[in-house]
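Note sheet for the following structure.
Read the figures in this text as sums done on the coordinates, not as results from a lab. On a predicted model such as this, the values are computed, not experimentally measured, just so you know. As a convention, Cβ positions derive from the backbone with ideal geometry for all residues, glycine included, and neighbour counts pool all protein chains shown.
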Amino acid sequence: MISDTAVVRREVSELTLLYEISEILDRSVDLRDELGPVLKVIAKHTGMLRGTITLLNRGMSEIVICAAHGLSPEQLQRGRYQLGEGVVGKVVHTGRPVIIPSISQEPMFLNRTHAREEFVREEISYICVPIKMETAVIGALSADRIFDEGISLNEDFRLMSIIASLISRAVRLRQSTQEEHDRLLEENTRLQDELRKKFHPANMIGRSKAMQLVFDMIFQVAKSEATVLIRGESGVGKELVAQSIHYNSDRASKPFIRVNCAALPENIIESELFGHERGAFTGAVRSRKGRFELAHHGTIFLDEIGDLSPQMQIRLLRVIQEREFERVGGTDTIKVNVRIIAATNRELEKLMETGLFRQDLYYRLNVFPINVPPLRERRTDILELANFFVEKYSRENSKYVRRVSTPAIDMMMSYHWPGNVRELENCIERAVLLTNDDVVHGHHLPPTLQTSEASNTIIKGTLEETLERMEREMIVEALKDTKGNKAKAARQLGVSERLMGLRVEKHTIDPKRYKT
């Protein structure tokens, strides 16, 4: 008979064991890091020789040891079972525990790891219990110990079942946490996508990767007070980007003042920007606010900033730094709260090298640069833009244009668009006015877009002039077809690359214009 003291001692030991296991399982987010320490604690309190925790890989229908005690790395690698194979495979497959008093008497025991061979003179008892998630078996907990008639395997089985339940509960908690984490990530991604769609500038069109990058940049800078420098070729829509930044900022309800620095004459640009007092110069019959004053609490957009004179650059630098200025002919300092957005199609770095643009002003403006790609680098947007302009000018001219013909689409897609979106808009406006059958055809597009097949061009002139013109046109067409690749164009025309280079130079053709 087992004494009451022994029973109490055993119960205390079990409670201590279960408490330590609970603490270990709560220690790390990644449960796999803690399964090994769990087995070590079990061995310390129960005298377990070896123990394993196996998990089921449902995709491969394979059971693999993921943690072990008392096994070498080589023995660990051998511990792989198919569903229903051996004791572990049977427990995982059926979900029912197995108790083996002596493994030498059990033919189902495979000893796949060969870990028991050193105990050939000892009888080994073996217990394996399933680890379940509700009704699904996800793995098994197994242990073996030296056979002893005085030890109740049923007690060991009961204890191991409780431990398996603790592991299962920890797995379920981690899985629930991970699912919640994944759900929050998914919800965050969804909200970000919705915000981007909501934020997508209504006055800008583009689904290309290049334009999505521009939209992301607008999204990042709009709510800040940072000075923005928008760069890009003429006609790409730099002013639209500036408007999008302003109307999605906290200043949206305040003025958005545009200034084209290239369009204002040198003798009046200072007055336009900073205003003037009465009598400051001939014709100044009254005081007048400048654009900076008008933009107070709002945004001022300085387009073509690269065309400012060095003297005006100095005055502008002070406004950017101090947010204050004096009117022309005045002495009072006027303070303004404005956000500055500048734009240019010129290479300011080259202007700085020649002394035409101040370096300190460049760094003040270039806080957050946004590069707007030319239309030839976002060809996937051409058709969407064309459809938008067709609808726009159809409404304005009370016409119903249903579609753009395939030949016209092909012409637009192959053209290099040196004038960018502005040129495309003008082409579509012209085509809408010319069409009489509710369709934009190729012959409605300007001559610059026409191919020889579409325009049925008849070449006229002297033989020499005709040959020169034809040679140039053939080279240009070949460069268009090969997206500006001179080597491919040479092969297409059946000439050497050297000869192609000489002819391109002779006709002053720039292959870069035709690159995608």
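If you filter region 210-290 for trypsin sites (Lys or Arg not before Pro), then keep DSSP loop positions with at most 10 other Cβ within 10 Å, what is left?
R286
Per-residue HN-Hα couplings for region 342-357, Karplus 6.51 cos²θ - 1.76 cosθ + 1.60 at θ = phi - 60°, whole Hz, x for Gly and Pro?
Taking θ as phi minus 60°, the curve returns 10, 8, 7, 10, 9, 7, 5, 5, 5, 5, 5, 4, 8, x, 8, 9 Hz for region 342-357.
Compute the angle between helix 420-434 and the longest alpha-carbon principal axis of the chain, please, reported from 0 to 90 degrees and rounded to the nearest 10.
Approximately 70 degrees, to the nearest 10.
What's the local net charge at L502, with K and R +1, D and E -1, over the other residues with C-beta under 12 Å away?
Values: positive: K486, R498, R503, K506; negative: E471, E497, E505.
Within the 12 Å Cβ shell, the charges total +1.
Amide H of I370 versus every other amide H placed in the peptide plane: which residues, excluding those fewer than 5 positions away on the same chain, fall under 5 Å?
L229, I230, R231
How far is helix 35-46 tilted, in degrees, relative to the longest principal axis of the Cα atoms in the chain, given as a value from 0 to 90 rounded to the nearest 10?
20 degrees
Counting other Cβ atoms within 10 Å, which chymotrypsin sites (Phe, Trp or Tyr not before Pro) in region 235-312 have at most 15 and lie in a DSSP loop? Intermediate values should be presented prior to the final figure.
Working: sites: Y247, F256, F274, F281, F292, F301; in loops: F281.
Sites meeting the loop and neighbour criteria: F281.
Given H placed on each backbone N at 1.01 Å, which residues far from R339 in sequence or on other chains put an amide H within less than 5 Å of it?
Counting only residues 5 or more places away or on other chains, the set is G298, T299, I300.
Taking only Cα atoms, what is the 0 to 90° angle, nearest 10, from helix 4-25's long axis to the longest principal axis of the chain?
For 4-25 against the chain, the angle is about 10 degrees.
Report the local net charge at G235: Lys and Arg +1, Asp and Glu -1, summed over other residues whose C-beta lies under 11 Å from its C-beta. Walk me through the numbers before you get to the answer.
Values: positive: K238, R422; negative: E233, E239, E423, E425.
That sum, taken over residues with Cβ under 11 Å, equals -2.
Could you work out how far apart the two model spin labels at D437 and K350 are, taking each label as a point 7 Å from the Cα in the direction of the beta carbon, and quote it in nm?
4.6 nm
Using a cut-off of 15 Å between beta-carbons, work out the net charge of the residues near K399 (Lys and Arg +1, Asp and Glu -1, K399 not included). Show your work: numbers first, answer last.
On the way: positive: K392, R395, R402, R403, R430; negative: E391, E396, E429, D437, D438.
Here the count lands on 0.
Enumerate the amide H contacts of G139 below 5 Å, restricted to partners 5 or more residues apart or on another chain; note that Pro and chain-start residues carry no placed amide H.
L56, I131
Tabulate in residue order the Karplus-calculated ³J(HN,Hα) for region 306-313, using 6.51 cos²θ - 1.76 cosθ + 1.60 with θ = phi - 60°, rounded to whole Hz; enter x for Gly and Pro.
These are the phi-based 3J(HN,Hα) values: x, 9, 5, 6, x, 5, 5, 4 Hz.
Using a Förster distance of 22 Å, how high is the FRET efficiency between D360 and N260, based on the Cβ-Cβ distance and rounded to 0.05?
Once rounded, the FRET efficiency stands at 0.40.
Which GluC sites (Glu not before Pro) from region 307-361 combine a DSSP loop assignment with at most 14 other Cβ atoms within 10 Å?
Taking region 307-361 and a limit of 14 other Cβ atoms within 10 Å, the loop GluC sites (Glu not before Pro) found are E347.
Starting at the first residue of region 380-397, write each ³J(HN,Hα) from the Karplus equation 6.51 cos²θ - 1.76 cosθ + 1.60 with θ = phi - 60°, in whole Hz, x for Gly and Pro.
5, 8, 4, 5, 5, 5, 4, 4, 4, 5, 4, 5, 4, 7, 5, 5, 5, 9
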